[in-house]
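Q: This is the structure I have questions about; it appears just below.
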Amino acid sequence: MARREVDTLRIAHLSDLHLPLTQSAPVWSLMGKRALGWFNLKMLRGNTHRLDVFLALLADLAEQSPDVVVITGDLVNLAYDFEFAEVARLLEEAGLDPARCVLVPGNHDRYTAGADRGAAFEKGMSDWLPPGLARRDGYPWLRKLGPICVLALDSAVWRGPARAAGRLADGQLERLAGLLDGLDDSCHPVLAMHHPPIRLRGPALRDYRAGLSGFEGLFRVLGRRPATVLHGHLHRIGRSRRGAVEILGAPSASNDCGRSEDQAAYHLLTFSSRGLLSAQARRFWPGRVEVQDLPDEALLR
Ligand SMILES: [Fe+2]
Ligand SMILES: [Fe+2]
């Protein structure tokens with residue numbers, strides 16, 4: 001990736017890789033939540049998430065040569081070690097530089113209690129994360145890159161079957177407040193997290209199953225400070241504002257579903273120290289790339 005010695009910086013934001021399994025899952029391991037997940041993957045999700053789509057997206061991303069790549073979680077499906085190894089290999093083969101990437105975990109990266117407790121994401125992606133990153137107390141971590149500071153938050157936590165909700169724990173918000181206090185005005189904060197900090201539309205049960213608890217605390221910490229939040233999780237383009245905070249959601253980077261708002265894409269975002277200057281989606285259809293400015297508002301369903 002080319003480094004730009006100017007006061008703007010380009011971020012490529014992608015999310016929810018959900019790479020199809022390239023190995024058979026061990027039968028003994030397919031119990032409980034993983035059994036449900038495996039069925040979902042093979043019978044439902046596996047039909048639309050495609051490796052060739054993700055590889056086309058990665059090749060295009062490398063060609064665009066952004067300054068920074070932010071990946072907001074759900075790199076894998078069932079949190080097997082071999083899945084993380086595969087993602088790490090593909091990122092490396094695409095020529096991405098770990099020092100200019102920011103990765104955060106999604107709920108699928110902490111799919112089982114064991115994967116969560118054992119920090120499968122932090123171990124499997126260790127070459128792409130700060131050295132020795134601790135599962136509990138290591139977040140948020142900060143990477144200062146020219147006019148912006150990326151703050152990597154962990155909203156992912158293991159939940160029981162049929163639940164994909166996230167949580168921002170109080171300790172993490174306290175540490176975030178400390179990091180923000182240490183930033184001066186020459187640095188625009190960009191928060192990377194998996195779950196969107198919004199109340200999900202629809203019945204309350206939906207928020208219980210897939211939303212993010214503790215997100216009001218995030219806005220209390222940010223106060224009136226301008227900031228940008230990058231998230232994934234809903235597999236759809238989202239763009240909204242809350243006060244001085246802009247919230248941008250990227251769709252899945254591998255989803256070949258045929259619907260424009262959900263089709264595989266990544267976002268190219270140009271920042272200065274004052275905030276976001278421009279936002280573009282690069283969307284991947286079979287055999288072609290569609291480039292489009294992000295709409296000023298795209299409400300998540
Ligand atoms: Fe996802
Ligand atoms: Fe997710």
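The values are calculated or read from the model by the stated rules, or taken from the named source; none is laboratory data. Values in this document were obtained by computation on a predicted structure and should not be read as measured data. Here Cβ is always computed from backbone atoms with ideal geometry, including for glycine, and neighbour counts include all displayed protein chains.
Q: Being within 16 Å of ligand 1 (Cβ to nearest atom), loosely packed, with under 15 Cβ neighbours inside 10 Å, farther than 20 Å from GLY73 by Cβ and without any contact (Cβ under 8 Å) to a residue 60 or more places away in the chain is true for just one of ARG241, ARG220, ARG259. Which residue is that?
A: Checking each option against the conditions leaves just ARG259.
Q: Taking the residues in the stretch 72-86 that are touching a residue at least 60 places away in the same chain (Cβ under 8 Å) and in contact with a strand residue (DSSP E or B) (Cβ under 9 Å, 6 or more places away or on another chain) as candidates, determine which candidate is nearest to ligand 2 (Cβ to nearest atom).
A: ASP74
Q: Of the conditions (1) under 28 Å from LEU173 (Cα atoms); (2) at pLDDT below 95; (3) within 16 Å of ligand 1 (Cβ to nearest atom), HIS231 clears all except one; give me its number.
A: With respect to (1) under 28 Å from LEU173 (Cα atoms); (2) at pLDDT below 95; (3) within 16 Å of ligand 1 (Cβ to nearest atom), HIS231 is out only on (2).
Q: Could I ask something else about it? For the stretch 258-278, how many residues meet the condition of being in a strand (DSSP E or B) and closer than 15 Å to LEU61 by Cα?
A: Going through the stretch 258-278 one residue at a time, the tally reaches 6.
Q: Oh, and also: Quick check on the stretch 176-183. Is at least one of its residues under 25 Å from ASP7 (Cα atoms) and free of Cβ contacts under 8 Å to residues at least 24 places away in the same chain?
A: yes
Q: Can you name the residue in the stretch 85-120 that is hydrophobic (A, V, I, L, M, F, W, C), part of a helix (DSSP H, G or I) and touching an Asp or Glu at 6+ places or on another chain (Cβ under 8 Å) and is also surrounded by the fewest Cβ atoms within 10 Å (Cβ to Cβ) among such residues?
A: Among them, the one singled out is ALA88.
Q: Mind telling me which of the residues PRO196, PRO226 ends up being under 21 Å from the mean Cα position of the chain (by Cα) and either more than 22 Å from ASP74 (Cα to Cα) or more than 16 Å from ligand 1 (Cβ to nearest atom) (or both)?
A: So the residue among PRO196, PRO226 that is under 21 Å from the mean Cα position of the chain (by Cα) and either more than 22 Å from ASP74 (Cα to Cα) or more than 16 Å from ligand 1 (Cβ to nearest atom) (or both) is PRO226.
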